[in-house]
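Below: the structure, in structure tokens.
The values are calculated or read from the model by the stated rules, or taken from the named source; none is laboratory data. Here the structure is a predicted model, which means the values were calculated and not measured. All Cβ positions, even for glycine, are placed from backbone atoms using ideal geometry, and neighbour counts span all protein chains on display. Heads up: the accessible areas ignore ligands, DNA and RNA and are worked out on the full protein's heavy atoms, side chains in. Shrake-Rupley method; radii C 1.70, N 1.55, O 1.52, S 1.80 Å.
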Amino acid sequence: MKAMILAAGKGTRVRPLTYELPKPMIPILGKPVMAYLVEHLARYGVTEIMVNVSYLHEKIEEYFGEGHQFGVQIGYSFEGYTNDQGEVVPEPLGSAGGIKKIQEFGGFFDETTIVLCGDALIDLDLKSALFEHRRKGALATVITREVPWDKVASYGVVVSDNDGRIREFQEKPDPSVAKSNCVSTGIYIFEPEVIDLIPADRPFDIGSELFPLLAEKGMPFYSQTRKFNWIDIGSVKDYWEVLQGVLLGEVANMAVPGIQVDEGLWLGLNTSIDWSGGTKIEGPVYIGSGVKVDAGAHIVGPTWIGHGSHICAGATVRRSVLFEYTRVLPDVTLDELIVFKDYSVDRAGEMKHVSQYESDEWANARDRRAARRRETEQELTPPEQKKA
């Protein structure tokens with residue numbers, strides 16, 4: 001079996017994280033979501049993986065390379081073009097169109113292929129899913145999960161017969177008209193014949209175009225409703241809730257990194273915590289490498305503090321996610337926030353730039369590093385170049 005990871009989207013609902021990161025690179029416990037997917041595929045012996053990329057493609061390609069560190073081979077298909085000014089312009093082809101481009105280029109999909117969205121954590125038993133796919137003689141299989149009826153409006157609903165044969169799709173239906181509470185997880189198993197149906201001359205989507213085409217043609221097209229961990233990071237609110245759940249130990253097979261030095265407290269390397277002045281840390285809390293916690297600080301979990309950060313004296317951080325190199329200023333309180341460089345997002349998903357706060361709450365410690373680099377560069381620049 002081969003694999004295809006869909007990684008070309010912009011991830012607009014996960015801003016501000018996706019201002020500088022493609023969605024598959026959003027970290028969970030300090031590791032990109034897509035890394036967990038690659039590791040999961042490798043565990044099942046799936047070692048040939050294609051990835052379609054577009055938005056901020058270089059971030060994915062630079063991190064994963066050719067996949068050797070994961071024990072797999074990874075190839076990339078960029079979706080976009082170069083304009084007359086020599087600029088690379090991303091232009092996604094749709095989830096199915098991206099697969100077709102790969103097939104037209106080199107015929108990669110010459111056997112059963114599992115297709116995964118690059119922005120979800122899963123622990124699906126791939127061996128069992130593949131066995132059922134083949135037992136039924138399916139050309140295409142959609143892996144589904146049951147969700148509460150009041151949640152169906154957030155998903156694509158799959159309507160199947162008793163034997164699992166798919167008859168209809170409902171895209172984010174109102175619960176009052178939903179015909180099923182089984183929803184697509186964005187995990188598919190395709191035979192090469194399915195890819196032959198995808199047109200090569202335009203963008204094409206799996207859910208809204210390819211699947212209705214399969215149902216219309218009456219092809220062997222099945223769903224499998226399975227119980228497995230499926231954590232979809234559809235929005236910043238989802239991301240906050242996922243990290244809260246992970247730190248609370250509610251997500252199987254997800255271990256907090258670092259060394260556990262006390263109940264609910266994990267530390268990275270070379271942290272500095274001043275326990276004087278009433279400093280208090282209530283777990284679960286992860287404090288990354290090189291973090292400095294000043295006297296009198298108060299940290300309440302579940303909280304993740306990225307490496308290189310600084311919690312200044314008297315500051316309070318409650319149930320928050322601070323990305324690396326965040327400096328929380330003295331006596332400031334951050335409550336249920338995600339802080340990413342110059343932006344914060346609260347639990348409801350409201351995003352604010354640091355300039356929108358009435359007083360300074362935090363600072364991006366990278367600014368200091370950038371200033372030092374500029375000073376160093378000036379010092380090393382030859383006098384004749386400075387004059388020029």
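If I go through segment 64-79 residue by residue, how many of them are under 19 Å from the mean Cα position of the chain (by Cα) and farther than 21 Å from V89 by Cα?
5
Filter segment 24-60 down to residues that are open to solvent by 30 Å² or more (accessible area, probe 1.4 Å), part of a helix (DSSP H, G or I) and not aliphatic (A, V, I, L, M), then give me how many there are.
6
Among the residues of segment 138-156 satisfying the criterion of being of a type in the set (S, T, Y) and more than 11 Å from I189 (Cβ to Cβ), which is least open to solvent (accessible area, probe 1.4 Å)?
Here is the first cut: in segment 138-156, the ones of a type in the set (S, T, Y) are 141, 144, 154-155.
After this cut, where a residue has to be more than 11 Å from I189 (Cβ to Cβ) as well, the list is 144, 154-155.
Working: T144: 1, S154: 78, Y155: 61 Å².
Result: T144.
Go through S223, S208, S309, S320 for me and flag whichever is more than 26 Å from Y188 (Cβ to Cβ), hydroxyl-bearing (S, T, Y) and more than 21 Å from the chain's Cα centre (by Cα). Steps first, answer last, please.
Details: S223 fails: more than 26 Å from Y188 (Cβ to Cβ); S208 fails: more than 26 Å from Y188 (Cβ to Cβ); S320 fails: more than 21 Å from the chain's Cα centre (by Cα).
Going through S223, S208, S309, S320 in turn, the sole match is S309.
How many residues are open to solvent by 10 Å² or more (accessible area, probe 1.4 Å) and farther than 23 Å from V53 by Cα if we restrict to segment 115-137?
Count: 11.
Inside segment 265-287, can you point out the residues that are open to solvent by less than 20 Å² (accessible area, probe 1.4 Å) and either modelled with pLDDT under 90 or among the β-branched types (V, I, T) (or both)?
Of everything in segment 265-287, those that are open to solvent by less than 20 Å² (accessible area, probe 1.4 Å) and either modelled with pLDDT under 90 or among the β-branched types (V, I, T) (or both) turn out to be T279, V285, I287.
Can you tell me how many residues in segment 48-65 are in contact with a strand residue (DSSP E or B) (Cβ under 6 Å, 6 or more places away or on another chain) and not aliphatic (A, V, I, L, M)?
7
Have a look at V246, V236 and point out the one that is among the hydrophobic types (A, V, I, L, M, F, W, C), more than 30 Å from I99 (Cβ to Cβ) and either out of contact with any Asp or Glu (no Cβ under 7 Å at 6 or more places or on another chain) or open to solvent by 60 Å² or more (accessible area, probe 1.4 Å) (or both). I'd like the intermediate steps shown before the answer.
Working: V236 fails: more than 30 Å from I99 (Cβ to Cβ).
From the options V246, V236, the qualifying one is V246.
For the subset of segment 61-85 comprising residues that are part of a helix (DSSP H, G or I) and of a type outside the set (S, T, Y), which member is farthest from I49 (Cα to Cα)? Explain how you work it out, then say what you get.
The initial filter retains those residues of segment 61-85 that are part of a helix (DSSP H, G or I), namely 61-64, 68-70.
Next cut, of a type outside the set (S, T, Y) only: 61-62, 64, 68-70.
Numbers: E61: 13, E62: 16, F64: 11, H68: 12, Q69: 14, F70: 11 Å.
Filtering first and then ranking leaves E62.
Looking for something within 15 Å of C117 (Cβ to Cβ), in contact with a strand residue (DSSP E or B) (Cβ under 6 Å, 6 or more places away or on another chain) and open to solvent by 30 Å² or more (accessible area, probe 1.4 Å) - is there at least one such residue anywhere in segment 75-85?
Residues of segment 75-85 within 15 Å of C117 (Cβ to Cβ): none.
So far as segment 75-85 goes, no, none of its residues is within 15 Å of C117 (Cβ to Cβ), in contact with a strand residue (DSSP E or B) (Cβ under 6 Å, 6 or more places away or on another chain) and open to solvent by 30 Å² or more (accessible area, probe 1.4 Å).
Please determine, by comparing only the residues of segment 342-360 that are part of a loop (DSSP other than H, G, I, E, B) and either out of contact with any helix residue (DSSP H, G or I) (no Cβ under 7 Å at 6 or more places or on another chain) or of a type in the set (G, A, S) (or both), which one is modelled with the highest pLDDT. Step through it out loud before you land on a result.
Within segment 342-360, the subset part of a loop (DSSP other than H, G, I, E, B) is 342, 347-350, 357-360.
Retained after the next criterion (residues that are either out of contact with any helix residue (DSSP H, G or I) (no Cβ under 7 Å at 6 or more places or on another chain) or of a type in the set (G, A, S) (or both)): 348-350, 357-360.
On the way: A348: 79, G349: 78, E350: 84, Y357: 75, E358: 71, S359: 69, D360: 73.
Looking at the filtered set, the residue picked out is E350.
Answer yes if at least one residue in segment 99-109 is under 19 Å from S184 (Cα atoms), open to solvent by less than 30 Å² (accessible area, probe 1.4 Å) and not basic (K, R), and no otherwise.
We begin by selecting, within segment 99-109, every residue under 19 Å from S184 (Cα atoms); these are 99.
After this cut, where a residue has to be open to solvent by less than 30 Å² (accessible area, probe 1.4 Å) as well, the list is 99.
Okay, now just the ones that are also not basic (K, R), so 99.
Within segment 99-109, one or more residues are under 19 Å from S184 (Cα atoms), open to solvent by less than 30 Å² (accessible area, probe 1.4 Å) and not basic (K, R).
Given the criteria touching a helix residue (DSSP H, G or I) at 6+ places or on another chain (Cβ under 7 Å), among the charged types (D, E, K, R) and not in a strand (DSSP E or B), does K100 qualify? Before the answer, list the steps.
Numbers: touching a helix residue (DSSP H, G or I) at 6+ places or on another chain (Cβ under 7 Å): yes; among the charged types (D, E, K, R): yes; not in a strand (DSSP E or B): yes.
In short, yes.
I'd like to verify a number: residues in segment 1-23 that are open to solvent by 20 Å² or more (accessible area, probe 1.4 Å), assigned to a loop (DSSP other than H, G, I, E, B) and farther than 27 Å from S128 by Cα, how many? Write out each step before concluding.
Going through segment 1-23, the residues open to solvent by 20 Å² or more (accessible area, probe 1.4 Å) turn out to be 1, 6, 9-10, 12-13, 15, 19-21, 23.
Still in the running and assigned to a loop (DSSP other than H, G, I, E, B): 1, 9-10, 15, 20-21.
Subsequent filtering for residues that are farther than 27 Å from S128 by Cα retains 9-10, 15, 20-21.
Number of matching residues: 5.
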